[in-house]
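A short write-up of the structure that comes next.
Every number in this text was worked out from the coordinates using simple rules, so none of it is lab data. All figures in this text were calculated on a predicted structure; none of them were measured in a lab. Every residue, glycine as well, gets a Cβ built from its backbone with ideal geometry; the counts of neighbours run over all protein chains shown.
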Amino acid sequence: MHAVLARLLVLAVALVTRLPWRWLRAAADAMAARAIRRDAREARVARRNLELAYPDRLPAERAELQRAILASTARQTLETLRLWTRPSRRNLETIDEVIGAERLDAAIAAGRGVIVAAPHHGNWELLNQWLASRTPLAILYAPPESKVGDAFLNRVRATQDQAGRVTQVRAEAAGVRQLFKWLKDGGVVGILPDQQPKQGDGEFAPFFGRPALTMSLLGRLAARTGATVLVAWCERIADTPTGPRFALHVEAAPGGIADPDPATAAAALNAAVEHVARRDPAQYQWTYKRFSLQPDGQNPYWPDCY
């Protein structure tokens, strides 16, 4: 039953996203404007994050950036639904420029395994499809609570023309063991590195000048397997009548990211993510409560953002 419902959901999404992009873009902008006007939770979270990450900016500057973040987030949501319901070959045609592809090719050829750290910046689902077009790929993900939602993700992240290229690995103990084996066999693993882990599953490290609980898994994988770590992202560079256009970047990760000391590795990881996020803050996922767990136990989002 879950699989049937997921298939129906895919069909419904495919029908909606067949609408002209200018209509979808207008709908996204209307959603963002409504969220600002009603001071929705996402708008409040973005505002608090900007206060925490950019305390030196004037309130008017932060308000303008907040509007840009909500608009970018809404557009990215509809972009992703389009990507999930179209053949990847068509999606990849929206990438106008790739910078650093040779780094990925060289890392794969080295045979030691590759970890691609992909911050929540721009469209990471398009990045996944680009990676899968070049190599079989394992993606670490946190499954949604809904079984229908989980079945939906498993369908849309393995598009028809990339069948068998993407392996989704659950973020749990068995999944972590699977990633270690995948890397030791020379495979490529994609990880979104800037989600807050559970208390006790990470290290506090600076992020935009504030402590942020940061995953230690990526550093452990790199240290124990000797895999090459790359940082990659796919950012929107233009918006045309037929849809957005992208530039994809692949860079070497900071050396400390594979340090055996978890605190050192976490600090290097956050520095890499911050480097990407500062390129265009509007395209970073500032609607996420990144700082809710703090060393002193205080939650800077409470109670305003709940």
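Excluding residues on the same chain fewer than 8 positions from K147, give the lysines whose Cα lies under 23 Å from its Cα.
K198
Rounded to whole Hz and in sequence order, give me ³J(HN,Hα) for the range 80-90 from the Karplus expression 6.51 cos²θ - 1.76 cosθ + 1.60, θ = phi - 60°, writing x for Gly and Pro.
Values per residue, Gly and Pro as x: 5, 4, 5, 4, 5, 10, 10, x, 4, 4, 6 Hz.
Report the gain in length on full extension from L8 to Q294: 0.36 nm times residue separation, minus Cα-Cα distance, nm rounded to one decimal.
98.8 nm
Of the listed values [x] 14.7; [y] 18.7; [z] 15.8, identify the label whose number matches mean projected area of the Cα convex hull in nm² calculated from this model.
Derived directly from the coordinates: [z].
Where in the range 135-221 are there GluC sites (Glu not before Pro) that are in a DSSP coil and have at most 13 other Cβ atoms within 10 angstrom of their Cβ?
Those that pass, being in a loop and sparsely packed, are E145, E172.
Suppose R0 equals 41 Å. What FRET efficiency, 1/(1 + (r/R0)^6) with r the Cβ-Cβ distance, do A247 and A33 give to the nearest 0.05?
0.90
Taking neighbour Cβ counts within 10 Å as the exposure measure, how do R86, R37, R290, R210 sort from fewest upward?
Going from sparsest to densest Cβ surroundings: R37, R210, R86, R290.
Using 0.36 nm times the number of residues separating R278 and F180, minus their current alpha carbon distance, what extension gain do you get?
32.2 nm
What list do you get for H2, H121 if you sort them by fewest beta carbons within 10 Å?
Starting with the residue having the fewest Cβ neighbours, the order is H2, H121.
Sorted from fewest to most neighbouring beta carbons within 10 Å, what does the list S216, S133 look like?
Sorted ascending by nearby Cβ count, the order is S133, S216.
Could you calculate, for the range 133-279, the ratio of the Cα radius of gyration to the Kirkwood radius, expressed as Rg to Rh?
A ratio of 0.98.
Would you please give the FRET efficiency between V148 and A40, computed as 1/(1 + (r/R0)^6) with r the Cβ-Cβ distance and R0 = 22 Å, to the nearest 0.05?
Once the sixth-power term is evaluated, E becomes 0.35.
Can you tell me what share of the DSSP beta bridges in the chain is antiparallel? A percent to the nearest 5 is fine.
About 45 percent, rounded to the nearest 5.
Cβ under 12 Å from F180's Cβ, F180 left aside: what net charge do those residues give with Lys, Arg +1 and Asp, Glu -1?
+4
With point charges of +1 on the Cβ of Lys and Arg and -1 on the Cβ of Asp and Glu, referenced to the Cα centre of the chain, which listed residue (V188, W23, T167) lies farthest in the positive direction of the dipole?
W23
First select every other residue whose beta carbon is under 10 angstrom from the beta carbon of R25; then total the charges, Lys and Arg +1, Asp and Glu -1.
Net local charge, R25 excluded: -1.
Quick check on the chain: helices-only [θ] at 222 nm, where DSSP H runs of length 4 and up contribute -39,500 (n - 2.57) each and the sum goes over total residues. Nearest 500, please.
-15000 deg cm²/dmol
Where Lys and Arg each count +1 and Asp and Glu each count -1, what net charge lies around H249 among other residues with Cβ under 11 Å from its Cβ?
With Lys, Arg at +1 and Asp, Glu at -1, the neighbours total -1.
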